[in-house]
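**Student:** Before we start, here is the structure in question, set down as structure tokens.
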Ligand code: SF4
């Protein structure tokens, strides 16, 4: 997936914090994305979904490879299948490069996950969201709006249906953009790009804007709110609900900033640089079998060395209720019998913002 600095996927950040474009542009080209492991996993899952749609991979293989994320991948695949079946004459484009040339000159191209096209008539643009956070709904999703405008320009379709598929939540948000809505979207995007291109554009830190910003470690505005938070004292019980809510917002931003500072220190030390007073120490050593080692191979070795074969396999463990329920099927009698044996407890409630996935 392509994430250019003024591409469709960064428009929401440019809207929330217009100065973010110039902050990110100044960074070295090899600056890591925020949450690089999550970004890599996200890319891998997107590629898998694309490969199944293109019939280069079976659904079973994809689900097995997706492991813990198989439910999210399956939701996306089911949606793709339904849409392709409902639009048998549409051209199917996977990971389609959209050219945003018909928008403000600074808006760069992006990659739409799935685009179904009946040229001169209608297009459908679908975006897979595989994170744990709630994305913006389709009707206000700037990324999808930019894809829709670009696809409408490319295939001359007067209307474009857009869909945000939230794989982990099993939900879909959809909207239909006709000629008027496409014009409005183009105008809105152009305005955002114009404001963000201005070198004097203001920095507006917020949890939503800063979360995925690459400039977190170097941003003066984010550092300032963090220091303000540190100066606010620790008389937590005396704070009013409004003060607490405001400081909580700052606390989330401060955590983002702190994470970015730690990542930068880690990166410099791992490249041989200096951070006075800090060093990298070796992580714990973990051993695992090489990928091609089989049980039979180990059993043969045990025989040859006259060692205990039983030590090769871990003792049998109870599978989780969810795994047993899945394996035994959804029949009412089975589920009722299992329910009798299951103790259900809820984890402690989580404190979350209403921030959204990019
Ligand atoms: S870290 Fe936040 S305030 Fe700073 S540029 Fe990025 S989005 Fe804007």
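The values are calculated or read from the model by the stated rules, or taken from the named source; none is laboratory data. Every value quoted in this text rests on a predicted model; they were computed, and no experiment measured them. Note that we place each Cβ from the backbone using ideal geometry, even for glycine, and neighbour counts take in every protein chain shown.
**Student:** Taking the condition surrounded by fewer than 17 Cβ atoms within 10 Å (Cβ to Cβ) and within 12 Å of the ligand (Cβ to nearest atom), does residue 259 pass?
**Tutor:** So residue 259 passes the test.
**Student:** Continuing with this model, one more query. Please identify the pairs in which a residue from region 334-358 that is in the same structural domain as residue 253 (by TED's automatic domain parsing) and more than 26 Å from residue 145 (Cβ to Cβ) has its Cβ atom under 9 Å from the Cβ atom of a residue that is assigned to a helix (DSSP H, G or I) and modelled with pLDDT of 75 or more, counting only partners at least 6 apart or on another chain.
**Tutor:** No pair meets every condition.
**Student:** Confirm whether residue 20 is crowded, with 17+ Cβ neighbours inside 10 Å, in contact (Cβ under 8 Å) with a residue 12 or more places away in the chain, touching a strand residue (DSSP E or B) at 6+ places or on another chain (Cβ under 8 Å) and not assigned by TED's automatic domain parsing to the domain that holds residue 253. Spell out the reasoning first.
**Tutor:** Numbers: crowded, with 17+ Cβ neighbours inside 10 Å: yes; in contact (Cβ under 8 Å) with a residue 12 or more places away in the chain: yes; touching a strand residue (DSSP E or B) at 6+ places or on another chain (Cβ under 8 Å): no; not assigned by TED's automatic domain parsing to the domain that holds residue 253: yes.
Judged against the criteria, residue 20 is not a match.
**Student:** Is it true that some residue in region 197-204 is within 14 Å of the ligand (Cβ to nearest atom), buried (at least 18 other Cβ atoms within 10 Å of the Cβ), at negative phi and at pLDDT below 95?
**Tutor:** No: region 197-204 contains no residue that is within 14 Å of the ligand (Cβ to nearest atom), buried (at least 18 other Cβ atoms within 10 Å of the Cβ), at negative phi and at pLDDT below 95.
**Student:** Any idea which of 242, 172, 149, 164 is under 27 Å from the mean Cα position of the chain (by Cα) and outside any strand (DSSP E or B)?
**Tutor:** Exactly one of 242, 172, 149, 164 is under 27 Å from the mean Cα position of the chain (by Cα) and outside any strand (DSSP E or B), namely 149.
**Student:** Given the condition under 22 Å from residue 20 (Cα atoms), assigned to a loop (DSSP other than H, G, I, E, B) and either within 14 Å of the ligand (Cβ to nearest atom) or in contact (Cβ under 8 Å) with a residue 60 or more places away in the chain (or both), answer yes or no: does some residue in region 218-235 qualify? Steps first, please.
**Tutor:** Initially, region 218-235 is screened for residues under 22 Å from residue 20 (Cα atoms), giving 218-229.
The next check asks that each one be assigned to a loop (DSSP other than H, G, I, E, B); those that pass are 218-219.
Checking which are either within 14 Å of the ligand (Cβ to nearest atom) or in contact (Cβ under 8 Å) with a residue 60 or more places away in the chain (or both) leaves us with 218-219.
Yes - at least one qualifying residue is present in region 218-235.
**Student:** Only one of 303, 299 is farther than 28 Å from residue 70 by Cβ, part of a helix (DSSP H, G or I) and in contact (Cβ under 8 Å) with a residue 12 or more places away in the chain; which? Let's see the steps before the verdict.
**Tutor:** Values: 303 fails: in contact (Cβ under 8 Å) with a residue 12 or more places away in the chain.
Of 303, 299, the one residue that is farther than 28 Å from residue 70 by Cβ, part of a helix (DSSP H, G or I) and in contact (Cβ under 8 Å) with a residue 12 or more places away in the chain is 299.
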